[in-house]
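Presented below is the structure to which this report refers.
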Amino acid sequence: MTDLNQAAQQAATARTQNKRAFSIIWAVPIVALLIGGWLAVKAISEKGPTITITFVSGEGLEAGKTKIKYRDVEVGEIERITLNEDISRVVVIAKLVKGSEKYLTDKTKFWVVRARIRGGSVSGLGTVLSGAYISIDPDKTGKSTRTFTGLEVPPVITLGQPGRHFRLNTDNLGSLDIGAPVYYRQIQVGQVVGYGFGAEGKEVDIQLFIEAPYHAWVTENTRFWNASGIDVSLNAQGLKVNTQSMVSIVSGGIAFDVPNGTQPGKEAEDNTVFSLYPDRASIQEKIYTVRRSWMLLFDQSVRGLSVGAPVELHGIQIGEVVSLDLEYDAAMKNFYVPVVIAIEPERIRVSNGNDPMLPTADKSELMIKWLVEERGLRAQLKTGNLLTGQLMVNLEFHPAEAKVQLAHRDGYPLVPTMPGSLELLQESLTKIISRLEKVPFDEISAELQLVLQEARTTLKQIGGVAGTLTSETAPELQTTLVKLQQTLETLQGTVGVELQKTLVELQKSVGKDSPLNYNAQKTLEELSLTLRSLRELTSTLEQQPQSIVFGKEKEKETRE
């Protein structure tokens, strides 16, 4: 016991200490937590938006490798590539850098950059070695979105470039494409940056970008035309060929200018809408607002007449053909071709006063009534082009024709028609042919054969008689002619001398101016004429003995 007590007395007294509220060992995880939270907040705050882009094909795209670039600067990367529910398109999920949110609108465009050859130019050759990438054309003017449809054809980037955009309306796109050049007096000043359908889908909307300072030349009176291919025209001045460049021939192009004689007007604003004309010649045509519709009724072939064919008056176009159909009249048992034409009265210039019948709508009925009933207005089909055989409608006045009352058909004034010159010619040729068919050419040919045969026989007989006459009769005739010549000379020598003596004695006895002397003188003159005729006869028979049968041959004139 003593030992235990001594041990208890010698043992140290226990002390009570208070527990600390915080241990320094917890500082390490707390600091790590703070750093991790800061990093997380920083990562979240610096994280860019995630977008979805759909493409038709995923050719050249790889998750984790393919980049998204703007002007060759990396602004994002593809994270995942999948297919949509109906596997019709490729869905690309990509992450962009922070700060790109304001550019992600419904007007922003994405497309895959690959090596391409288009419009005479080559692009994307760098992707042959580095691989394809997605390019972006940002636009912050639209509505914010995170879902996009990728373009299959790369657009033309114009963001930040000085210049202006313009829009063109046309019926069809033709050979135009994105990147097609825009010319001003054969110098390229812009290009096509896009196209699509109009609001109602009935026309094509083409977007242009004209670079500065050339955009100032686009004014309110500027007209654009399709400069694609080669424009060839054949007119009275000859053959004309017009083109802008080799690129426009291959891939198409657009040109613009102000029509001749027109003031440029004010400078056009951005996104001004213009019409696209088919060629340069069409921009020179004036625009008319007043149109009158008339109908023509033909009962003949209108082959060669088409919609758009000109309607002319005195050789000047005043309208065009709008429509033409084929109708069968069951009551008349005949076919007709109703042709509707549109007349533009503003094409006719009024001089020496103002005729209200031409431009106003309420007087148009009076005008056509007066032209048809009083002036004899008639419509004819005529050939407009001999090479192509295209027809046109020609309006002419025929006061001598029987007067008719103006009629109406389907709500249109009906202008009387008459056969054209071609139809009249065909009708005349038909009559001539029908008459020629009635001529018995076979009988006439047979009779001519008989006549020619008889003529040949007669000529042979005459030739035989002439030969006999020449060979048998010519020597005897020659002897007779010599004797006749001698007799005439003897007669002229003896009788002439005796008559001359008798005439001298008669003059002495009866007087120079007596009737007997006058009669004797006349007798002597007639005798001289007779002797001269006999000499001519003798000379002719000597030279042409066959003239007894064939008559005397006429002398041929040898005038040069």
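The values are calculated or read from the model by the stated rules, or taken from the named source; none is laboratory data. None of these values were measured; they are calculated from a predicted model. We place every Cβ from the backbone using ideal geometry, glycine too, and count neighbours over all the protein chains shown.
A few notes on this one:
- Taking region 351-362 as the range and being at pLDDT below 70 and either β-branched (Val, Ile, Thr) or surrounded by fewer than 15 Cβ atoms within 10 Å (Cβ to Cβ) (or both) as the test, the residues that pass are 353, 354, 355, 356, 360, 361, 362.
- Per the listing 420, 376, the residue uniquely touching a strand residue (DSSP E or B) at 6+ places or on another chain (Cβ under 6 Å) and at pLDDT below 85 is 420.
- Tabulated pairs, region 308-324, first more than 12 Å from residue 396 (Cα to Cα) and touching a residue at least 12 places away in the same chain (Cβ under 8 Å), second assigned to a loop (DSSP other than H, G, I, E, B) and among the charged types (D, E, K, R), C-beta under 7 angstrom, 6+ apart or interchain: 318/344; 319/344
- Residue in region 36-44 that is surrounded by 10 or more Cβ atoms within 10 Å (Cβ to Cβ) and either under 30 Å from residue 86 (Cα atoms) or at pLDDT 80 or above (or both) present: no
- Residue among 136, 87 that is among the hydrophobic types (A, V, I, L, M, F, W, C), surrounded by 12 or more Cβ atoms within 10 Å (Cβ to Cβ) and either at pLDDT 90 or above or not assigned by TED's automatic domain parsing to the domain that holds residue 198 (or both): 136
The rows are residues; the columns are (1) aliphatic (A, V, I, L, M); (2) assigned to a helix (DSSP H, G or I); (3) surrounded by 15 or more Cβ atoms within 10 Å (Cβ to Cβ); (4) touching a His at 6+ places or on another chain (Cβ under 6 Å).
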position: 368; (1), (2), (3), (4): yes, yes, yes, no
position: 372; (1), (2), (3), (4): yes, yes, yes, no
position: 375; (1), (2), (3), (4): no, no, no, no
position: 379; (1), (2), (3), (4): yes, no, yes, no
position: 392; (1), (2), (3), (4): yes, no, yes, no
position: 395; (1), (2), (3), (4): yes, no, yes, no
position: 401; (1), (2), (3), (4): no, no, no, no
position: 408; (1), (2), (3), (4): no, no, no, no
